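Some notes on the structure that comes next.
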Amino acid sequence: MPFEKGNTLSTGRPAGSLNKVTSTNRNFLKNLMYDHEEFENDWKQLDLHERMSLRIKLAPFILPRAPEDEIIQEPVNIPFKQLLNAITFKDAI
């Protein structure tokens, strides 16, 4: 039997209350992903290719998505060493 608007038999979870399972999972993932010391140690063990791959994969979660009209379709000629120096951590190399 589907939910019917105006049902008074069950009130459900109060508005604004947190889902316990969701908050537990969120805290677990936060501790797993944001252990800065462990992440830094893992980062230092990666080679250049793996670090760049990780940056590319994490970029959509950090940077805002550009509107379609702002995306430049023409290739940009930037020397590789200049590009590499601009995007790497100086102390990580």
Given R₀ = 35 Å, FRET efficiency for Ile78-Asn27 by Cβ-Cβ distance, to 0.05?
0.25
What's the angle, to the nearest 10 degrees (0 to 90), between helix 20-33's Cα axis and the longest principal axis of the chain?
10 degrees
Two-site label geometry, Ser10 and Ala86: point separation in nm, points 7 Å out along Cα→Cβ
5.6 nm
More than 17 Å apart - percent of Cα-Cα pairs taken over the chain
74 percent
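Hey, what number do you get for the chain at 222 nm if only DSSP H runs of n ≥ 4 count, each worth -39500 (n - 2.57), divided across all residues, to the nearest 500?
Values: 4 runs with 47 residues, N = 93.
Mean residue ellipticity, 222 nm, calculated: -15500 deg cm²/dmol.
Rule-based calculations on the coordinates, nothing more; no lab input. Keep in mind it's a predicted model, so treat the numbers as computed, not measured. FYI the Cβ positions are ideal-geometry reconstructions off the backbone, even for glycines, and counts take in every protein chain you see.
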